[in-house]
1. State whether the residues of the range 308-321 include one that is of a type in the set (S, T, N, Q), over 30 Å from VAL111 (Cα atoms) and modelled with pLDDT of 80 or more.
2. Can you find, within the range 302-323, the residue that is farthest from GLY264 (Cα to Cα) among those that are small (Gly, Ala, Ser) and open to solvent by less than 40 Å² (accessible area, probe 1.4 Å)?
3. Within the range 292-301, how many residues are small (Gly, Ala, Ser) and either surrounded by fewer than 23 Cβ atoms within 10 Å (Cβ to Cβ) or free of Cβ contacts under 8 Å to residues at least 40 places away in the same chain (or both)?
4. Filter the range 49-77 down to residues that are modelled with pLDDT of 90 or more and surrounded by fewer than 16 Cβ atoms within 10 Å (Cβ to Cβ), then give me how many there are.
5. Just to be sure, is LEU148 open to solvent by 70 Å² or more (accessible area, probe 1.4 Å) and in contact with a helix residue (DSSP H, G or I) (Cβ under 8 Å, 6 or more places away or on another chain)?
6. Six or more apart or on different chains, Cβ atoms under 6 Å: show the pairs whose first residue is in the range 140-160 and closer than 23 Å to VAL270 by Cα and in a helix (DSSP H, G or I) and whose second is open to solvent by 40 Å² or more (accessible area, probe 1.4 Å) and modelled with pLDDT of 95 or more.
7. For the range 39-89, which residues satisfy the criterion of being assigned to a helix (DSSP H, G or I), within 18 Å of the chain's Cα centre (by Cα) and among the small types (Gly, Ala, Ser)?
8. Please work out if ALA325 is part of a helix (DSSP H, G or I), modelled with pLDDT of 70 or more and touching a Pro at 6+ places or on another chain (Cβ under 9 Å).
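The values are calculated or read from the model by the stated rules, or taken from the named source; none is laboratory data. Just so you know, these numbers come straight off a predicted model, no measurement behind them. Counting neighbours? That spans all protein chains shown, and the Cβs are built from the backbone with ideal geometry, glycine included. Each accessible area value is taken on the protein alone, full model and side chains, heavy atoms only, with ligands, DNA and RNA left out. Shrake-Rupley method; radii C 1.70, N 1.55, O 1.52, S 1.80 Å.
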Amino acid sequence: MTTLTETPTRPPADAPAQTGGRLVDLVLRARELSIAAALILLVVITTIANPQFLSAQGVEDIFLNASILVLLAVGQTMVVVTRNIDLSVGSVVGLVAFVTGDFASGTDRNVLLVLVVGMAIGTLCGLVNGLLVSFCRVPALVVTLGTLYVIQGIDYYLAHGEQISASDLPSSVLSLGNDAVLGVPYLPIITVAVMLAMGYYLRSYSSGREFYAIGSNPEAARLAGVPIRRRVLTAYLVSGLLAGLAGVLWLARFGTVVADAANGWELKVVSAVVVGGVAIVGGTGTVYGAALGALLITTIGSVLVVLKVNSFWQDAITGVLLLLAISVDRLLALRVTRALRVRSRTRRGRRWLNGNGGAHRAGRAEAAPPSPATKEGSARDEV
């Protein structure tokens, strides 16, 4: 008796699935690369128009001006990836800058103590926002818009129309915003350190990935056992803490502080985050992209000053960038969704072939007609 056997072969990789995977990987990097390219192009064009733009002092001013906005954008990123928003960061910066300035004025207080006080105030503001959003389930837009005005009111009440003067601040506080180490100012060093630490945490730790899971699909995250309320509360605590740190750095950078310091910065922060590739609907984006977005917006402001353009156009350009970023996010989301659907269908097809291909091949083997050699052997047996 002759048995026909067939060696099973692995189905070849499907081209659409490979394309879908490449597209998903590309989208994760496309926004950061496009922002970096736009930033380089802007700097090159401005340098051609005014060679002094890239002088040592010009570059230092850009990074100093961007440091505080980048710091706020890093904290805002943690909130936005969970499908929430924090509109109170600008008012927190103003409150912390004035309160810590008043706390340090006319004294010789250590800068570390001033930093602790400022971050404690910011964390308290973040705690209020986080509790109302995560545990009381009040919409984030309503909560943070309300706390924005409440904090501004407290700031104006404490200020009584007065201002903090740089001449009254201790030298240790002022040196934080003006001194440097090896030629690099302290402010960018602090900002980069915070950004790298936060980016590493969100990428490398499972608890960090849970923030993205909440923003991608809150219901699936809940079913998977993700502590949604605690993670959202943590995001607001981090945002408030970094806003408090930014308030102290604002005081150290400018010295003179009035009650409306950083007024309107919440929109700049949100714009920087969205322009940097963090999806406003949550689940996508990195702190590095948000930092590039903040640097781009700050550079645009510096370019307008160098080219002697009315500062009104900075807000207009920021608005246009925000609209473009949201539109691009939507288009990329649709493309990624289509690619994932193609890859999902292809995988299901492969699983079906792997599960049923063997049975089909065995059936074909049994139904195969006997070979000529087999027929001759059977005839001899009969004779």
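1. Within the range 308-321, the first condition is being of a type in the set (S, T, N, Q), and the residues that meet it are 310-311, 314, 318.
Checking which are over 30 Å from VAL111 (Cα atoms) leaves us with 310-311, 314, 318.
After this cut, where a residue has to be modelled with pLDDT of 80 or more as well, the list is none.
No, the conditions are met nowhere in the range 308-321.
2. Within the range 302-323, the subset small (Gly, Ala, Ser) is 302, 311, 316, 319.
Now restrict to residues that are open to solvent by less than 40 Å² (accessible area, probe 1.4 Å): 302, 316, 319.
Working: SER302: 18, ALA316: 14, GLY319: 13 Å.
Among those that are small (Gly, Ala, Ser) and open to solvent by less than 40 Å² (accessible area, probe 1.4 Å), it is SER302.
3. Just the residues of the range 292-301 that are small (Gly, Ala, Ser), to begin with: 293-294, 301.
Filter again for either surrounded by fewer than 23 Cβ atoms within 10 Å (Cβ to Cβ) or free of Cβ contacts under 8 Å to residues at least 40 places away in the same chain (or both), leaving 301.
Of the residues in the range 292-301, 1 are small (Gly, Ala, Ser) and either surrounded by fewer than 23 Cβ atoms within 10 Å (Cβ to Cβ) or free of Cβ contacts under 8 Å to residues at least 40 places away in the same chain (or both).
4. Summing the residues that are modelled with pLDDT of 90 or more and surrounded by fewer than 16 Cβ atoms within 10 Å (Cβ to Cβ) in the range 49-77 gives 0.
5. Spelling it out, it is not the case that LEU148 is open to solvent by 70 Å² or more (accessible area, probe 1.4 Å) and in contact with a helix residue (DSSP H, G or I) (Cβ under 8 Å, 6 or more places away or on another chain).
6. Pairs that qualify, where the first residue is closer than 23 Å to VAL270 by Cα and in a helix (DSSP H, G or I) and the partner is open to solvent by 40 Å² or more (accessible area, probe 1.4 Å) and modelled with pLDDT of 95 or more, are VAL143/LEU132.
7. Once the filter is applied, which keeps residues that are assigned to a helix (DSSP H, G or I), within 18 Å of the chain's Cα centre (by Cα) and among the small types (Gly, Ala, Ser), the range 39-89 yields ALA66, SER67, ALA73, GLY75.
8. Working: part of a helix (DSSP H, G or I): yes; modelled with pLDDT of 70 or more: yes; touching a Pro at 6+ places or on another chain (Cβ under 9 Å): no.
It is false that ALA325 is part of a helix (DSSP H, G or I), modelled with pLDDT of 70 or more and touching a Pro at 6+ places or on another chain (Cβ under 9 Å).
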